[in-house]
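The values are calculated or read from the model by the stated rules, or taken from the named source; none is laboratory data. What you see is a predicted model, and the numbers here were worked out from it, not measured in a lab. All Cβ positions, glycine included, derive from the backbone under ideal geometry; neighbour counts span all protein chains shown. Surface accessibility is based on the protein's heavy atoms, side chains included, excluding ligands, DNA and RNA. Shrake-Rupley method; radii C 1.70, N 1.55, O 1.52, S 1.80 Å.
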Amino acid sequence: MKKLLSLVLALVMVLSVASIASAAELTELNTYETQARELETWNIHYSQAAADLNVLCNLIDGLLTNDNHGNLKLNAAKSYESPDGGKTWVFTLNEGMTWFNKEGEVQADVKASDWATGLEWVLNYAKNDSYNVSMPAEMIAGANDYYEYTKGLAEAGDVEAVKALDAGEGSKFAEMVGIVCDDAAGTITYTLVDSLPYFPSVATYNCLYPLSADMIEEIGVDGYRDITWEDMWYSGAYVVSYYEYQNQKVLTKSPNYWNDANCKRFDKVTVKMVESAATAYQLFKEGQLDHISPEQATVQAIYEGTADAEYKANLVESRPTKYSYQIHLVYAKNLEDGETPDVNWNTAVANENFRKSLYYGLNLTNYFARTNAINPLSCQNYCYTGNGVAFTSDGTDYTVLVRKELGLDYDYENYVRYDAEKAAEYKKAAMEELSAKGVTFPVEMEYYISGASTTAADTAKVLENIIRECLGDDYIKLVTKTYSNLTNEVRKPRKASFYINGWGADFADPINFLGQETYNDPQAYYANNYSICNENNDPDLIAAYQEFTDLVVTAKAITDDMDARYAAFAKAEACMLNHALVIPCSYEVAWELTKVNNYSKVYSMYGMQAYRYVDWETNDVPYTTEEMNAFAAAYAAE
C-alpha cells in the first residue's frame, strides 16, 4: 500500500509540475493587509500584536524559527542544547551576523550580549511597561524578581533611574537574571526556574529577541521606545525601504544578509493596505496582488459560476492560521462618555446564566460563512487554546483533552455547542435573576467595528441577525458602532461590550493562552486590556475567575510530567469555559486565489514566524485546485 501511495503521489506531482512547467517563480511579492490591521509600533520588544510582528519578524532574526511543518529550525543560533535535561539551555550563534540600517550599511556586529540587552528591555518596567513579560518572568530564573524590582523603583518615582539600568557586566540585571552571554564564544546560556522542555520554542518569539546596546547608546531609551523604520537597526532577511501609513510597506532584500547563501528571498515584498477584501480582490484581478482571500459573496459567486467563473479552478482552501478566535466579554464597560460605568451591562455580564445563554445560544454557522462560504463548519472552534499548540507523549492534541473535559465528541458535521433548549433555559433564569437586580431588557451589547471596512459592517449585520434569531430582541440587542482607532477610541475608554479577537500561542504550551485570562494578574494581557475582569465586584464572577486561576496556577507548577501538566491545564480551561468567562468562536480557514504554494511557507501554530518571506515556492499565475491538492498530498507524505 505504501508503494502504491508513493507511486500515486509521484504521478500527481509529475502531472502538477507539467501543468506549470511554462510558469516562472515570482521575484517580487505583492501582498496585502486590511487597514484595520495597520502596524502600530516598530519596536519588536514592545509589540504583542500580530499586525506588527508579521512585518517585524522579517527585519530582525531571533535564535530559532520554524520550518514548513512547524518544526523548530536554527536561525541566528547555529546550535542549541540542554546539558541538564531542560533547566539550562545553551544557544551558540552563527558567525558573521551584523546590524545594519535601512540602506544596508553595517552599524555593529550582532553579539551574544545583544540577547541580554533585549531581555533587560523586556523586563524593565520603565522601558517596556509589562509587555511580553509573562513568558520570561515565569520561565527564566530571577526574571520576575528583576521585573518587580524595576516596577517598584518606577512606581516610587525613580523612572529615569530605572531607564538608565542596562544589562552590562556588574549590573543589577546581570546579578539577578539567569542569562549569561559570552561574546567571545558566541554563546547565550539561560538558567530556568525548572526543567522546561518547551523552552526552545520561546526562542522563536520576540520576548527573547536581540537588541543592540550600541543602538540604545546612539538613540537613547526613549528613542528606541518610539523607534521608526527609518531609525531602527536590522539584522534580518529584509529592510524597509518605503512606508506610508495606511497605504503600503515595501520590504527590500537585505543586501548583506548573513544567511543569503541558504535562504531564498524575494527582491521586494510590497504590503498594500486595503479597505476591504473586496478591494483586494479587485487588485488581484488587475494583477496587483499575488494572493487574495475573497469575501464570502465573491467565493460563492465563483464557486457557483455566477461571476468570475474562470477562477473556480483556482479556488484553494487555506491552511488554518494559528489564531484561535474567541468572544471576549467586557466586565467593566463604560458608557459613551468613556467614564461612567455601564451598570446595566456590567450587572448582566457578571451573571453566569446570562453568559451561558450566549455560550449555548449562538448558532455561528452564518458567521463562519463570512470566512468560508463553501465549508463554514471547518472554522468552528470548541476550545480557547488553539489546535496544534501542544501534544501529549502519545501524540494527542491538547485540545482533545479539553473537549473530553467539556463532554464534547468529535461531531464535525454539526456545531455541537449550540443548544437552543439549553440557551432558552439559561435565558429564562438570567432574566429572572437580573430583573431582580434592576437590569432592564433588552440588554444592549455594543459592538465596535472599523468605520473604514464594509466587510466588517456586513459581518456585524450577520451577528445582529444571529443574536436576534437565536436569543430574541426581548433579551439582547446588538448595537454596532464604528471607530477610527480601536485602542484610543474604544478599548482604553472601555466602550465595547465584547470583542471578537484571535490569540495565537507564542510558544508550545497552553499557559500561553490561559495565562492571558487569569484573575488579578498584572501580566494577563486579556484580563487587563479587554475583559477588565478585575474591576467587576460581583462575588460570583470573582469566585468563578478565582477557581479558574487557581487551577491554572496548579497546572503551571507541574514541570516534570508534561502529560500531567496538560491534563491539569485541560481541567482549568474546561472550568473557564463551563463558567462561560470567554466564549470560543472560530478559526480562520478561508478560500484563496494564490500564486504561493501554501505548503512551502513557514507553518507553526505558535510564535511569530509564519509571515517570514523566506523559502517560498511561487508561480507567476495562480495555482489550480489540483496543483495545491498535489502539494498537500506530497506534504502529508513527507
Pop a pseudo-label 7 angstrom from the Cα along the beta-carbon direction at both E304 and E230 and give the gap in nm to one decimal.
5.1
Straight distance only, please: which lysines reach the Cα of K268 with their own Cα at less than 18 Å, same-chain residues fewer than 8 apart left out?
K102, K249, K253, K595, K601
In the range 35-64, whose amide N lies under 13 Å from the spot 7 Å out along Cα-to-Cβ of Q246? List them in ranges.
35-39
So what's Rg/Rh here for the range 169-312, counting alpha carbon atoms and using the Kirkwood radius for Rh?
1.12
At a Cα cut-off below 20 Å, give the lysines reachable from K356, other chains included and same-chain residues fewer than 8 away excluded.
K333, K404, K422, K427, K428, K437, K477, K571
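Loop-only check: which chymotrypsin sites (Phe, Trp or Tyr not before Pro) in the range 391-466 are DSSP coil with at most 16 other Cβ within 10 angstrom?
Within the range 391-466, the qualifying chymotrypsin sites (Phe, Trp or Tyr not before Pro) (loop, at most 16 other Cβ atoms within 10 Å) are Y410, Y412.
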Output ³J(HN,Hα) for the range 424-431: one whole-Hz value per residue in order, computed from phi by the Karplus curve 6.51 cos²θ - 1.76 cosθ + 1.60 with θ = phi - 60°, and x for Gly and Pro.
5, 5, 5, 4, 4, 5, 5, 5
Rounded, prolate or oblate, given the Cα gyration tensor of the range 482-638, with a/c below 1.5 counting as rounded?
oblate
Expected output is a single nm value to one decimal: the length gained when fully extending between R468 and A429, i.e. 0.36 nm times separation in residues minus the C-alpha distance. What is it?
12.2 nm
About its Cα centre, what dipole magnitude does the chain give when the only charges are +1 on Lys and Arg Cβ and -1 on Asp and Glu Cβ, stated in debye to the nearest 20?
1280
Charges at C-beta only: +1 for Lys and Arg, -1 for Asp and Glu. How large is the resulting dipole of the range 345-498 about its Cα centre, in Debye rounded to 20?
620
Counting only backbone N atoms under 16 Å from a point 7 Å out along Cα-to-Cβ of E169, the residues of the range 94-118 in range are 112-114, 116-117
For the range 215-230, in residue order, the Karplus 3J(HN,Hα) values (coefficients 6.51, -1.76, 1.60; θ = phi - 60°; whole Hz; Gly and Pro = x) are 5, 4, 5, 6, 10, x, 4, 5, x, 6, 4, 10, 4, 10, 5, 6
With a probe of 1.4 Å, find how much accessible area the range 165-285 has per residue, and write the answer as a whole number in Å².
40
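As a test of the formula, what do you get for the chain when each DSSP H run with n ≥ 4 contributes -39,500 (n - 2.57) and the sum is divided by the residue count, at 222 nm and rounded to the nearest 500 deg cm²/dmol?
Values: 23 runs with 220 residues, N = 638.
After summing the helix terms and dividing by residue count, I get -10000 deg cm²/dmol.
Can you give the accessible area per residue of the range 34-139, in Å², using a 1.4 Å probe? Before the final figure, lay out the partial values.
Working: 3340 Å² over 106 residues.
With all protein chains present, the range 34-139 gives 32 Å² per residue.
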Sorted by chain and number, the residues with a modelled amide H under 5 Å from that of A108, at a separation of 5 or more or across chains, are W99
Where the accessible area of the chain is counted over protein heavy atoms with a 1.4 Å probe, how much of it, in %, is carbon and sulfur?
49
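How would you classify the range 345-489 from its alpha-carbon gyration tensor, with a ≥ b ≥ c the square roots of the eigenvalues: rounded for a/c under 1.5, else prolate if a/b is greater than b/c, otherwise oblate? Don't skip to the answer; put the middle values down first.
Working: a/c = 1.82, a/b = 1.26, b/c = 1.44.
Judged from the Cα gyration tensor, the range 345-489 comes out oblate (a/c at least 1.5, b/c at or above a/b).
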Between C585 and residues 5 or more places away or on another chain, which pairs have amide H atoms under 5 Å apart, with H built 1.01 Å from N, and which residues are they?
Y325, Q326, I327
Dipole axis of the chain (+1 Lys, Arg; -1 Asp, Glu on Cβ), positive-most option in T117, N534, M97:
N534
For the range 89-94, just list the computed ³J(HN,Hα) in residue order, Karplus coefficients 6.51, -1.76 and 1.60, θ = phi - 60°, integers in Hz, with x standing in for Gly and Pro.
10, 10, 10, 10, 7, 5
Among the lysines, which have Cα under 19 Å from the Cα of K163 when same-chain residues fewer than 8 positions away are ignored?
K127, K151, K172
